[in-house]
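Working notes, structure below.
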Amino acid sequence: MSAPVLELKQVRKSFDSELVLEDISIKVPEHTATVFIGASGSGKSTLLRCINLLEQIDDGEIKLDGTEITSVETDPDSVRRKIGMVFQSFNLFPHMTVLQNIVLAPIRVQQVERDVAEQKARDLLKRFGLLDKANQYPDRLSGGQQQRVAIIRSLAVNPRLLLLDEITSSLDPVLVNEVLNTVRDLKAEGMTMVLATHEMGFAKQVADEVCFLKDGRILEWGNPKNLLDNPQRKETQDFLRQVNEAGRL
Amino acid sequence: MTDATSRADSASSSDSSDSSLSRVKNSQYDFGGPWQPSDLEIARRAARKSRNRKNAAIAAVSSFVVLGTLLVIAVTSPGWKSLSDTFFNWAYGVEVLPKILLGFLTNVSLTLIAGTCVAIFGLTIALIRTSKAAALTPFRLLATVYVDVFRGIPMLLVILLVGFGIPALQLKGVTNNVLILGTTAVIITYTAYVAEVIRSGILSVHPSQRAAARSLGLSYFQSLRFVILPQAFRRVTPPLLNDLVALIKDTGLVSILGVTDAIRAAQINTSRSFNYTPYVMAAIVFLLITIPLTRYTDRALRRSIERQNSQGQA
């Protein structure tokens, strides 16, 4: 069996004196999706930012394809080239068109020819039904469209791993679905993913493993059906009940 | 206007009340018919028009009264005759205009040269001050001291210190040309201002933009060049244009070193004739350049605000 795409070993992270992540160990095999659930402030976003080396961990190890990426010698830029990340707030570049947003990294980082990069970008846009937006600026798009463009932008560099950080949290319910469908498609195509989300139904469909995070620790983990339908720990039960009640309002 | 009215008229006359009624009956979702403003909207438009006409009338009357009063006060003042002779002697003004324009060429070329240098140095210092690289620490320190010092000294003093101080050093190979020394002083001062404007622009771009760029694998400098700086420059274009207008005027200050610019040319002619019209002419020449630039700055500012607002809605 080949090494998992991503492996975390006893990762620890604090901001000043506040401990944000403690003893986080997970393995994400190829073509699988690991979903983190938990309340705001439980450390989900920080964890994803650590994996992408946007934050420096305090202890532990992160391995990508068996190679430690948290070593001092690692060039963070070369790691980030292999990891795509999509943010809650889209973070499209407002001064560039959709197409320019997508081809920036392929052209500047991977030295792909402009024609080739643009053709690939158009193919991706077409696949996700956004081809007619290629020459629009991001502020002309709806939130859902912007987020799908952000996903396409991160796919354009052929990442080994995709990090999705609460990508539906700033969208209204109608737009949530179009974004989630996009992620389902990616999962079906075999993309390896780590997600942080509040959409429990979606987590159940797309996840191979779900981890419940509270106060920076993984309290409970397992396959989505077991964990979401039959949580063992009281904290998990409380959290899921609160999510359900909020959903029914 | 007349076109639209006649079209609306013909539409209403051909559209009998019967047919429009039946359309309503057939389908309440029929949006196909030609739209005509309702009576309510027509009344509103008429009210708006009459209000606008009233406002225009008020503006005209109040302008006439205020400006007219000021003019009357000026013209009827006891010194008006001698003032208009010494300041608004247009025949003499036209006579000295070529000399002033020749001097103004110095201001313009000085502005272009200084402006280019200031843009390059200002950007460099802004980048040094916003970088976090350990190797740049001494430069960061120097840049901060430089900005603090030269933003705090009146430019006139910098011009005097550079213009008279550097020749006094009697260094070999260093020019005594007052034009070059004066320009250097202007560059030194304005670089400090412009560096701060650009730095504030860089800092105003949200950190998440940098995070997004870095997570795509772009290096520090690539993120800066393709993502941060283009957005920063859009935001600081209006204040930078403001600084450009100020720069054009402040190039006149090098005249104290003896450079024959527009102000100096006016001064020479004034002291020759004891008539101050050359100063007025010089002022007009400056205005001919600065007013269009100021208008343009205003427009740039308005556009940048609109752009930011539309981003806020997204």
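The values are calculated or read from the model by the stated rules, or taken from the named source; none is laboratory data. In this text, all values refer to a predicted model and were calculated from it rather than measured experimentally. Backbone-built Cβ (ideal geometry, glycine too); neighbour counts: all protein chains shown. The area values use the complete protein model at the heavy-atom level, side chains included, leaving out ligands, DNA and RNA. Shrake-Rupley method; radii C 1.70, N 1.55, O 1.52, S 1.80 Å.
Of all residues in region A:11-38, those being open to solvent by 40 Å² or more (accessible area, probe 1.4 Å) and under 20 Å from A:Met193 (Cα atoms) number 5. In summary, helices (runs of 4 or more DSSP H) completely within region A:35-136 and bearing 2 or more residues that are under 30 Å from A:Gln237 (Cα atoms) and away from every other protein chain (no Cβ under 14 Å) occur at A:44-51.
Within region B:146-155, does at least one residue satisfy the condition of being open to solvent by 80 Å² or more (accessible area, probe 1.4 Å), within 18 Å of B:Leu247 (Cβ to Cβ), in a helix (DSSP H, G or I) and touching a Phe, Trp or Tyr at 6+ places or on another chain (Cβ under 7 Å)? Looking through region B:146-155, at least one residue is open to solvent by 80 Å² or more (accessible area, probe 1.4 Å), within 18 Å of B:Leu247 (Cβ to Cβ), in a helix (DSSP H, G or I) and touching a Phe, Trp or Tyr at 6+ places or on another chain (Cβ under 7 Å).
Could you tell me whether any residue of region A:139-147 is within 17 Å of B:Gly217 (Cβ to Cβ) and either under 21 Å from the mean Cα position of the chain (by Cα) or within 14 Å of chain B (Cβ to nearest Cβ) (or both)? Checked against the condition, which is being within 17 Å of B:Gly217 (Cβ to Cβ) and either under 21 Å from the mean Cα position of the chain (by Cα) or within 14 Å of chain B (Cβ to nearest Cβ) (or both), region A:139-147 yields no hits at all.
Within region A:53-67, the set of residues being touching a Lys or Arg at 6+ places or on another chain (Cβ under 9 Å), more than 21 Å from A:Val20 (Cα to Cα) and open to solvent by 40 Å² or more (accessible area, probe 1.4 Å) comprises just one member, A:Asp65. Figure legend. Inter-residue proximity from region B:62-91: first residues without any contact (Cβ under 8 Å) to a residue 60 or more places away in the chain, second residues open to solvent by 70 Å² or more (accessible area, probe 1.4 Å) and assigned to a helix (DSSP H, G or I), beta-carbon distance below 7 Å, spacing 6+ or different chains. Indicated pairs: B:Ala74/B:Trp80. For A:Arg80, the test of being open to solvent by 70 Å² or more (accessible area, probe 1.4 Å) and not aromatic (Phe, Trp, Tyr) is failed. The residue that is nearest to the chain's Cα centre (by Cα), among those in region A:116-138 that are open to solvent by 50 Å² or more (accessible area, probe 1.4 Å) and among the basic types (Lys, Arg), is A:Arg127.
When every residue of region B:36-46 is checked against the conditions, none turns out to be of a type in the set (Ser, Thr, Tyr) and assigned to a helix (DSSP H, G or I). A Cβ distance below 8 Å, combined with a sequence gap of six or more or placement on separate chains, defines the contacts here; from region B:109-138, residues that are in contact (Cβ under 8 Å) with a residue 12 or more places away in the chain and more than 17 Å from B:Val254 (Cβ to Cβ) reach residues that are open to solvent by less than 50 Å² (accessible area, probe 1.4 Å) and of a type in the set (Asp, Glu) in the pairs B:Ala126/B:Glu196.
Okay, residues lined up against (1) part of a helix (DSSP H, G or I); (2) at the interface with chain A (Cβ under 10 Å from one of its Cβ atoms); (3) at pLDDT below 90; (4) open to solvent by less than 30 Å² (accessible area, probe 1.4 Å):
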{"residue": "B:Tyr190", "(1), (2), (3), (4)": "yes, no, no, yes"}
{"residue": "B:Tyr193", "(1), (2), (3), (4)": "yes, no, no, no"}
{"residue": "B:Gly201", "(1), (2), (3), (4)": "yes, no, no, yes"}
{"residue": "B:Arg235", "(1), (2), (3), (4)": "yes, no, yes, no"}
{"residue": "B:Asp250", "(1), (2), (3), (4)": "yes, no, no, no"}
{"residue": "B:Thr260", "(1), (2), (3), (4)": "no, no, yes, no"}
{"residue": "B:Ile263", "(1), (2), (3), (4)": "yes, no, yes, no"}
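Summed over region B:212-223, the residues that are open to solvent by 10 Å² or more (accessible area, probe 1.4 Å), within 8 Å of chain A (Cβ to nearest Cβ) and not in a loop (DSSP other than H, G, I, E, B) give a count of 2. Restricting A:Lys225, A:Lys234, A:Lys214 to those that are of a type outside the set (S, T, N, Q), within 20 Å of A:Val11 (Cα to Cα) and open to solvent by 60 Å² or more (accessible area, probe 1.4 Å) reduces the list to A:Lys214. The requirement of being without any contact (Cβ under 8 Å) to a residue 60 or more places away in the chain, part of a helix (DSSP H, G or I) and open to solvent by less than 30 Å² (accessible area, probe 1.4 Å) is satisfied by B:Ala143.
When B:Asn89 is tested against the conditions (1) modelled with pLDDT of 90 or more; (2) of a type outside the set (Ser, Thr, Tyr); (3) open to solvent by 50 Å² or more (accessible area, probe 1.4 Å), the lone failure is (1).
Filtering region B:98-108 to residues that are open to solvent by 50 Å² or more (accessible area, probe 1.4 Å) and in contact (Cβ under 8 Å) with a residue 60 or more places away in the chain leaves B:Lys99, B:Leu101, B:Leu102, B:Val108.
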